[in-house]
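Q: There's a structure below that I have some questions on.
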Amino acid sequence: MILYFSATGNTEATAKKLAALLDDECLNLLDRIQKNDFREIASEKPFVICAPIYVCEMPRFLAAFLRQLPLTGNRDVYFVFTSGGYTGIGGVLAKSIITKKGMNFKGYTELKMPRNYIANNTYPELTEEEIRRRIEVCSETIPHIAETIRTGGILTYRYVWMFERIITVPFNPVWCRIRQSVKPFRVNDKCISCGKCAKLCPLNLISMNDGKPVWNGKSCSHCMSCIQNCPVEAIDYGNITQEKKRYLYKKYGK
């Protein structure tokens with residue numbers, strides 16, 4: 001069983017390609033996450049969890065969901081991460097979650113995909129050529145990942161140094177609380193009141209008021225789903241995203 005969460009399509013595409021190669025089922029966890037649906041998921045084949053990396057680890061809401069989600073049947077679990085180039089402590093966190101369930105952690109791997117995070121200016125925008133190159137490389141890599149899983153092998157993962165853990169463990173929650181405020185989100189007159197942003201928010205932070213989205217709470221995951229999936233590019237994050245191009249996997253990959 002392939003389980004995944006995806007905001008802009010990188011992880012979804014990865015999950016669906018793996019499912020096709022492994023002749024397995026593929027389940028989007030978004031609806032379950034939104035509804036706090038912790039009904040058990042059973043699988044005769046190994047579990048493959050596909051997840052993005054945010055701030056050097058799995059999205060905090062996804063990790064919390066997986067901790068409570070009962071997985072039955074096959075006891076082997078693989079992780080496939082999509083990131084802009086650094087998984088941080090994602091694998092360490094994944095292993096901790098799985099071993100506490102009494103299951104077999106079969107390793108993880110990373111696919112370096114185009115970044116979707118545009119809510120700060122830390123990283124330069126990728127060129128069209130680099131976006132397509134990354135997608136092509138990942139497409140060529142996925143069959144090798146599938147073969148390792150199919151034959152019951154171990155996904156080889158890099159060693160995570162202690163200093164990475166020491167820095168990331170306290171850094172992630174502080175960054176999320178301070179730098180991922182919902183206050184800068186805004187919508188302009190191009191909004192067509194489709195409500196897509198509210199439907200896709202994994203934390204249910206967006207409500208529609210007089211046909212316009214309103215962001216509730218103090219902070220969010222900054223998954224970028226609302227900004228990137230808006231069909232008319234009506235959503236911005238302060239003045240940071242106004243001139244930046246939007247990214248969805250479906251615009252580039254197959």
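The values are calculated or read from the model by the stated rules, or taken from the named source; none is laboratory data. In this text the structure is predicted, and so the values were computed from the model without any measurement. Positions of Cβ are generated from backbone atoms using ideal geometry, with glycine treated the same way; all protein chains shown enter the neighbour counts.
Q: If we keep just the residues of the range 94-109 that are farther than 15 Å from G73 by Cα and in a helix (DSSP H, G or I), which is nearest to the chain's Cα centre (by Cα)?
A: For the range 94-109, the residue satisfying everything is A94.
Q: Would you confirm, using the coordinates I've provided, whether T8 is part of a loop (DSSP other than H, G, I, E, B), touching a residue at least 12 places away in the same chain (Cβ under 8 Å), crowded, with 23+ Cβ neighbours inside 10 Å and in the same structural domain as E110 (by TED's automatic domain parsing)?
A: yes
Q: Answer yes or no as to whether R179 is touching a helix residue (DSSP H, G or I) at 6+ places or on another chain (Cβ under 8 Å), of a type in the set (D, E, K, R), more than 23 Å from K17 (Cα to Cα) and modelled with pLDDT under 95.
A: Judged against the criteria, R179 is not a match.
Q: OK, next. Return the residues of the range 175-215 that are farther than 26 Å from F65 by Cβ and either among the β-branched types (V, I, T) or over 24 Å from the mean Cα position of the chain (by Cα) (or both); say none if nothing qualifies.
A: V187, N188, D189, K190, C191, I192, S193, N209, D210, G211, K212
Q: Right, next: Assess whether T72 counts as being among the polar types (S, T, N, Q), within 11 Å of the chain's Cα centre (by Cα), in a strand (DSSP E or B) and modelled with pLDDT of 95 or more.
A: No, not satisfied.
Q: A further question follows. Go through (1) part of a helix (DSSP H, G or I); (2) farther than 27 Å from R150 by Cβ; (3) without any contact (Cβ under 8 Å) to a residue 12 or more places away in the chain and name the single condition F61 misses.
A: F61 satisfies all of (1) part of a helix (DSSP H, G or I); (2) farther than 27 Å from R150 by Cβ; (3) without any contact (Cβ under 8 Å) to a residue 12 or more places away in the chain except (3).
Q: Please go through the range 74-131 and pick out each residue that is of a type in the set (G, A, S) and over 20 Å from A15 (Cα atoms).
A: G88, S96, G102, A119
Q: Hey, does the range 56-65 have a residue that's more than 24 Å from C220 (Cα to Cα), surrounded by 15 or more Cβ atoms within 10 Å (Cβ to Cβ), touching a Lys or Arg at 6+ places or on another chain (Cβ under 8 Å) and not polar (S, T, N, Q)?
A: Checking the range 56-65: not a single residue is more than 24 Å from C220 (Cα to Cα), surrounded by 15 or more Cβ atoms within 10 Å (Cβ to Cβ), touching a Lys or Arg at 6+ places or on another chain (Cβ under 8 Å) and not polar (S, T, N, Q).
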